[in-house]
Amino acid sequence: MTSAVNLWPRLVARPLSWALIAAAAGLAAGPAAQAQTAADPLLNPKPTAADWAAIAQQPDLSGVWLPDRKHANYPFGKASPPWNPQAAAYIAEQQRLDKVGTPNNIYINCLPEGMPSFMIMTLNALEILQTPGRLTLLSEFDGNRQRRIWLDGRPRPEDADATFSGFSRGRWEKTPQGETLVVETTDILPQTFLPLGQAVGQANNGDLRIVERIRLVEPDRLEDALEIHAPHVLTAPWRITKSFVRTRERRNDIVEGSCLQGKFQAQVDKQGNHVFVPIEHEVGGAPLPRTVSK
Amino acid sequence: MTPRTMTPMLSFLFSRLFSRLFSHRRPAAGLATVGLALAAAVPAWAHHSFAMYDGDKPRVLQATVKEFQWANPHVLLWITTDEGAGQKAGELWTIELSTSPGPLSRIGWTKRSLEPGDKISVEINPLRSGELGGQFRKLTVLKTGQVLTTALPNPDEKPLTAPAAKP
């Protein structure tokens, strides 16, 4: 176990060395230097007109997207990840429980669904913001959670805190299929699921790495080809492509998607205050009428 | 909750709980622990499977809308059954829609699609447990004849976007 004392030299040394590098880079680069080359690795540089102009030259991913219902993988198609034997047996049992009506739901207590669910489970709208240095994905599904893909060339953090969505960084690549945003996501919590349904999924169990190739296959159709490396539960990467269509209709703009509001009934209490009162639920999540005000 | 619907996970939690209770040296503290643990042991489901509803035994209820709750992640409808063939009158049922206001508003629903007092005929997948709950399939508002479903329009009939131009 690393002692606190041993950490001190690292904590002190790192900002100092970064500052020196930043100062050297600042001297070398003139004011015309591209802000997004991140001269100072501790600062998000102020976007310049050149940064915005560069975005205009990239494929335009911005706007509201709906899952493509004509796609073979809507919602899952015949997705069959290359499970290892233990995971295969677990998944088969979850499928059996779901089939007999005693589902073992995987998304509980409003914890974020995280990656890869963020991209492959949603049937709701998704909004993409394209701004200097990053791509931001806003979901309607799963309580309006968000995902950020760094495009500013920053390195993967050393010893990052694992999160539900992980740490994502991407770069544009010219491929025979056209310009493709290649994104690598790491530092994902080991508890996030590789999902095949609301009650069928396998925890990734650590060391999950996801590579996505995101591109416009038509002006208003976006494909995300995911390559999911989960060495503790898969024998080979699980490859699954999801497809989204862009919509300009305002009725499709994403709306608030609170996670658990529907688990409560809106009531007015004796003091005249508007309150949320929990609804009784059956195991499995079905609301029951017993606690509803008569 | 019935033993039949108790998932293995919950069985495990309960068995842990009771073994803890009976091995505890201070009964009063043990009971308090159980009270807290019981409250915390039952997870709240956000998006969940609808497998606890029986899709093989759909039934139709003649009912009056008590309340229509337009909320995420699943819109809820509370109804009171009316006189009708094969049903008891005056029962309060909770009907869960398998979707949320966002997708529903895209196919024409609004928070005013149903009002308290509306007489409806509603088709549901009933809970396997026999409790008075069901998964929404479709309904007809008797006064207007309007049929409401959660089915998305056929994408071949109604494109989600303008046809894509070739690059």
When residues of segment B:44-65 are limited to those that are within 8 Å of another protein chain (Cβ to nearest Cβ) and without any contact (Cβ under 8 Å) to a residue 60 or more places away in the chain, the one nearest to A:Val100 (Cα to Cα): B:Ala51
Selection count, segment A:96-119, where residues are within 10 Å of another protein chain (Cβ to nearest Cβ) and assigned to a helix (DSSP H, G or I): 4
Test: residue in segment A:225-240 that is within 14 Å of chain B (Cβ to nearest Cβ) and in contact with a His (Cβ under 9 Å, 6 or more places away or on another chain): no
Unmet requirement for A:Ser258, which otherwise passes all of (1) in a loop (DSSP other than H, G, I, E, B); (2) closer than 19 Å to A:Ile91 by Cβ; (3) in contact (Cβ under 8 Å) with a residue 40 or more places away in the chain: (2)
Flag for A:Arg248 being out of contact with any helix residue (DSSP H, G or I) (no Cβ under 9 Å at 6 or more places or on another chain), buried (at least 17 other Cβ atoms within 10 Å of the Cβ) and touching a residue at least 24 places away in the same chain (Cβ under 8 Å): no
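FYI, it's all coordinate maths here, none of it is from the lab. All of these numbers come straight from a predicted model, not from anything done at the bench. Here Cβ is always computed from backbone atoms with ideal geometry, including for glycine, and neighbour counts include all displayed protein chains.
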